[in-house]
Amino acid sequence: MHSSFLRRQIPFCLAVVGVALFFLPTKVFGSSAIQIGEIGWNGSSRSSADEWVELWNLNDEPIPLTGIALNGVSGEGSVMYFDETDVIAPHSVFLIANYPAEHEKSALSVQADVVTTTLSLSNDSFALKLVDSTGTEIDHVGVEDRASDMTNTDHHASMVRDSSTSTTWIESTVSQNFDADVSDLGTPGICDGCATVEIVDIATSTENIFYTLPLATSTMDHSNQLEVT
C-alpha cells in the first residue's frame with residue numbers, strides 16, 4: 001500500500017515542479033546594468049539642435065530594449081519607445097541622435113543606432129527618465145544633475161556620468177567621434193563607463209586613438225514612436 005501511494009504521488013509532484021518552472025520570472029537586469037551615460041545636451045558647433053543621448057550596457061550580456069521607454073526626449077510628457085531590433089551589446093553603448101552623421105548639421109563622425117528628430121532637450125529644464133515595461137524607473141538624469149560649470153552654453157561639451165561614482169555627472173574633457181574640423185568635447189558612440197574602453201584626454205596626449213567597441217551600423221527612424229501626453 002505504501003509503494004502504491006508513492007507511485008500515485010510521483011506524477012503529481014512532477015506536475016507541480018513543471019508548473020513552478022513554467023512560472024519562473026524571465027531574467028531581469030538590475031538597474032545598474034543599463035544607464036543613461038552621456039548627453040550632448042546643448043547641441044554642437046554645427047547646430048544647437050545637434051543633440052544626442054547615450055545608453056550604456058554595463059552587463060556581460062546583450063540587453064534588448066523592447067518594452068523600455070525614454071521619457072522626456074522632447075520635453076515633459078514625451079516618450080520614446082524602442083522596438084525588437086534595438087539591442088545594446090555587452091559593455092557597449094546605444095546612441096540616439098537628432099541627425100544622421102552625414103547631415104550638414106551633425107558634428108558626429110559615427111552613426112547613431114537611432115536617429116530621431118524628436119530629440120530636443122531644453123538647456124534649462126530637461127529631465128530624462130528610463131523606465132521598464134511596468135513603468136518602474138531604471139535611471140534618470142536632469143538639469144539638476146549638472147555640475148555648476150556645465151551651465152555655460154558658449155562652448156559645446158557633453159555631460160557624462162562619472163564612472164568612479166556612477167551617481168554624479170561631469171563635463172567631458174575629451175573629443176572623440178566628431179568630424180575632423182570640430183573641436184566639441186564628448187565621446188559619442190563610446191561607453192566611457194565600460195571597463196574595456198580607454199579614453200584619452202586630448203589635453204595630455206597627441207597619439208592616435210584606437211578602440212575596439214562595435215560602432216553603430218544602422219540609422220533607424222523612430223520618429224513615429226514618440227508619444228506626447
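The values are calculated or read from the model by the stated rules, or taken from the named source; none is laboratory data. Everything quoted here is computed from the prediction, not taken from an experiment. As a convention, Cβ positions derive from the backbone with ideal geometry for all residues, glycine included, and neighbour counts pool all protein chains shown.
Quick rundown of the values:
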item: Positions within the range 116-142 being hydrophobic (A, V, I, L, M, F, W, C) and within 16 Å of E38 (Cα to Cα), in sequence order; result: L119, L121, F126, A127, L128, L130, I138, V141
item: Hits in the range 77-91 - residues which are within 18 Å of P188 (Cβ to Cβ) and either assigned to a loop (DSSP other than H, G, I, E, B) or touching a Ser or Thr at 6+ places or on another chain (Cβ under 9 Å) (or both); result: M80, D86, A89, H91
item: First in the range 107-120 and in a loop (DSSP other than H, G, I, E, B) and acidic (D, E), second anywhere and modelled with pLDDT under 90 and surrounded by fewer than 24 Cβ atoms within 10 Å (Cβ to Cβ), Cβ under 9 Å, 6 or more apart; result: D113/A216; D113/T217; D113/S218; D113/T219; D113/M220
item: Among the candidates G67, G43, G30, residue that is in a loop (DSSP other than H, G, I, E, B), more than 11 Å from the chain's Cα centre (by Cα), surrounded by fewer than 23 Cβ atoms within 10 Å (Cβ to Cβ) and modelled with pLDDT under 90; result: G30
